[in-house]
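Participant: Please find one structure pasted underneath; my questions will follow.
The values are calculated or read from the model by the stated rules, or taken from the named source; none is laboratory data. Note that the coordinates shown come from a computational prediction; the quantities given were computed from them, not determined experimentally. Note that we place each Cβ from the backbone using ideal geometry, even for glycine, and neighbour counts take in every protein chain shown. SASA here: full protein model, heavy atoms, side chains in, ligands and nucleic acids out. Shrake-Rupley method; radii C 1.70, N 1.55, O 1.52, S 1.80 Å.
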Amino acid sequence: MISYNTIIQSILSGLLEGGNYALYSLGLAFVFGIMQIINMAHGEFLVLGGYIAYWLLVKWGVNPLMALPVAALLAGGTSFLSYRIFIERIRTTVELNTLILTFGIGIFLSNLYLQLWSADLRSISVHWMEDPVHLGGIYISLGEIVTFVISFAAVFFLHLFLRRTKTGKAIRITAIDRDAAALSGINVERVDLLAFSIGGALAGLGGPLLGMLSFVSPNTGLHITVKAFILTVLAGVGSIPGLIVAGMMLGVGEALTVTFVSSSFRELFGFTLFLVILLARPSGLFGKRG
């Protein structure tokens with residue numbers, strides 16, 4: 001018999017994990033919403049951020065939270081170079097070409113990580129992350145709370161950036177109508193470059209959090225990309241705040257599946273939810289109906 005406390009524990013853990021899922025997905029959702037590009041290298045940019053935080057901790061003892069800006073900057077820089085060298089050349093061709101190209105970039109990066117750092121699973125171990133926080137009979141770790149707050153803040157500030165700043169408004173206008181944006185004087189090519197770079201930086205920001213809560217390895221990237229795409233579809237293209245709700249739905253669903261069924265069915269829940277949403281509401285939970 002599963003206790004009431006166990007169910008509440010699963011729901012709370014799922015909510016916190018769902019917030020992190022939102023950050024893991026934020027860069028892919030942003031790029032897809034602005035540029036209509038499914039960045040299949042998204043997970044590899046995120047893994048790069050995790051490796052950066054790991055080696056800064058191991059080599060120089062840098063707190064992973066302090067490494068967040070460095071991880072975001074280097075992942076964003078890698079994304080910038082990827083766009084400049086490869087994607088920009090085929091941006092105006094068939095959309096399938098960008099899908100194939102970013103998939104190739106992802107494969108290249110994962111193999112590069114394998115050669116540089118081996119296939120070992122790297123976990124960012126910080127003692128304070130395991131400090132317990134008790135809520136009645138419910139236990140959560142301090143690390144789960146901290147990473148959730150960071151994830152929520154990243155989503156909130158990106159939403160604020162897009163709504164309140166001149167650059168953010170230019171990005172939104174370009175996403176709605178590229179031709180109209182160009183006619184109004186907006187440099188749409190520069191917006192594309194900026195959007196892709198921001199997407200990479202957001203992915204890099206999630207890497208250290210993934211390393212602190214779980215692990216990073218050269219093979220982690222594709223799994224993250226798939227989960228990020230599922231969340232993007234659930235939330236609806238262009239719905240940044242919707243990622244939080246969609247992430248929590250997925251996190252709670254996975255946690256309850258583990259509690260009531262089996263851990264082997266955890267990933268199946270996400271794919272099932274993905275298919276149900278596609279059938280019932282193809283525009284996503286918070287996307288605008290076409």
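Participant: Since I87 meets every condition but one in (1) touching a residue at least 24 places away in the same chain (Cβ under 8 Å); (2) among the aliphatic types (A, V, I, L, M); (3) closer than 30 Å to V245 by Cα, which condition does it not meet?
Facilitator: Result: I87 passes all but (3).
Participant: Let me ask something additional. In the range 104-126, what residues are part of a helix (DSSP H, G or I) and closer than 21 Å to G61 by Cα?
Facilitator: First, pick out the residues of the range 104-126 that are part of a helix (DSSP H, G or I): 104-117.
Selection gives L116, W117.
Participant: Working only within the range 139-157, note down all residues that are surrounded by fewer than 16 Cβ atoms within 10 Å (Cβ to Cβ) and more than 22 Å from G200 (Cα to Cα).
Facilitator: Y139, L142, I145
Participant: Please find, within the range 178-208, the residue that is farthest from N219 (Cα to Cα) out of those that are in contact with a helix residue (DSSP H, G or I) (Cβ under 9 Å, 6 or more places away or on another chain) and not in a helix (DSSP H, G or I).
Facilitator: Restricting to residues being in contact with a helix residue (DSSP H, G or I) (Cβ under 9 Å, 6 or more places away or on another chain) and not in a helix (DSSP H, G or I), the top hit is S184.
Participant: Out of (1) at pLDDT below 95; (2) open to solvent by less than 50 Å² (accessible area, probe 1.4 Å), what's the single condition that is false for T93?
Facilitator: Failing condition for T93: (2).
Participant: Checking M129 against (1) aliphatic (A, V, I, L, M); (2) at pLDDT 90 or above; (3) surrounded by 15 or more Cβ atoms within 10 Å (Cβ to Cβ); (4) assigned to a helix (DSSP H, G or I), which single condition isn't satisfied?
Facilitator: (2)
Participant: Further question on the same structure: Would you confirm, using the coordinates I've provided, whether P218 is at pLDDT 95 or above, outside any helix (DSSP H, G or I) and not polar (S, T, N, Q)? Even if it seems obvious, please write down each step before you answer.
Facilitator: Values: at pLDDT 95 or above: yes; outside any helix (DSSP H, G or I): yes; not polar (S, T, N, Q): yes.
So P218 fits the description; yes.
Participant: Can you find even one residue in the range 37-46 that is part of a helix (DSSP H, G or I), open to solvent by less than 10 Å² (accessible area, probe 1.4 Å) and more than 25 Å from I240 (Cα to Cα)?
Facilitator: no
Participant: For residues that are open to solvent by 80 Å² or more (accessible area, probe 1.4 Å) and within 15 Å of V31 (Cα to Cα), tally how many sit in the range 174-187.
Facilitator: Number satisfying all stated conditions: 2.
Participant: In the range 198-207, is there at least one residue being under 23 Å from A67 (Cα atoms), of a type outside the set (D, E), in contact with a strand residue (DSSP E or B) (Cβ under 9 Å, 6 or more places away or on another chain) and surrounded by 21 or more Cβ atoms within 10 Å (Cβ to Cβ)?
Facilitator: Yes, because at least one residue in the range 198-207 is under 23 Å from A67 (Cα atoms), of a type outside the set (D, E), in contact with a strand residue (DSSP E or B) (Cβ under 9 Å, 6 or more places away or on another chain) and surrounded by 21 or more Cβ atoms within 10 Å (Cβ to Cβ).
Participant: Mind telling me which of the residues R190, R164 ends up being among the basic types (K, R), exposed (fewer than 13 other Cβ atoms within 10 Å of the Cβ) and closer than 24 Å to I85 by Cβ?
Facilitator: So the residue among R190, R164 that is among the basic types (K, R), exposed (fewer than 13 other Cβ atoms within 10 Å of the Cβ) and closer than 24 Å to I85 by Cβ is R190.
Participant: Would the range 268-284 turn up any residue that is of a type outside the set (F, W, Y) and under 12 Å from the mean Cα position of the chain (by Cα)?
Facilitator: Within the range 268-284 (the criterion being of a type outside the set (F, W, Y) and under 12 Å from the mean Cα position of the chain (by Cα)), the answer is no, since none of the residues qualifies.
Participant: If we scan the range 59-82, do we find a residue that is open to solvent by 40 Å² or more (accessible area, probe 1.4 Å), small (G, A, S) and over 26 Å from L162 (Cβ atoms)? Explain how you work it out, then say what you get.
Facilitator: Restricting attention to the range 59-82, the residues satisfying the condition of being open to solvent by 40 Å² or more (accessible area, probe 1.4 Å) are 59-63, 65-66, 69-70, 73-74, 80-81.
Of the ones still in play, those that are also small (G, A, S) are 61.
Now restrict to residues that are over 26 Å from L162 (Cβ atoms): 61.
Scanning the range 59-82, I find at least one residue that is open to solvent by 40 Å² or more (accessible area, probe 1.4 Å), small (G, A, S) and over 26 Å from L162 (Cβ atoms), so the answer is yes.
Participant: Continuing with this model, one more query. Exactly one of (1) under 15 Å from the mean Cα position of the chain (by Cα); (2) over 18 Å from F30 (Cβ atoms); (3) buried (at least 19 other Cβ atoms within 10 Å of the Cβ) is unmet by P218. Its number?
Facilitator: (1)
Participant: Going by the structure shown, is A255 more than 17 Å from the chain's Cα centre (by Cα) and either more than 19 Å from L16 (Cβ to Cβ) or of a type in the set (V, I, T) (or both)?
Facilitator: For A255, the condition - more than 17 Å from the chain's Cα centre (by Cα) and either more than 19 Å from L16 (Cβ to Cβ) or of a type in the set (V, I, T) (or both) - is not met.
Participant: Turning to a different aspect of this structure: For the range 124-166, how many residues meet the condition of being within 28 Å of V47 (Cα to Cα) and hydroxyl-bearing (S, T, Y)?
Facilitator: 4
Participant: Could I ask something else about it? Can you pull out the residues in the range 242-290 that are under 23 Å from D177 (Cα atoms) and open to solvent by 60 Å² or more (accessible area, probe 1.4 Å)?
Facilitator: The answer is P282, F286, K288, R289, G290.
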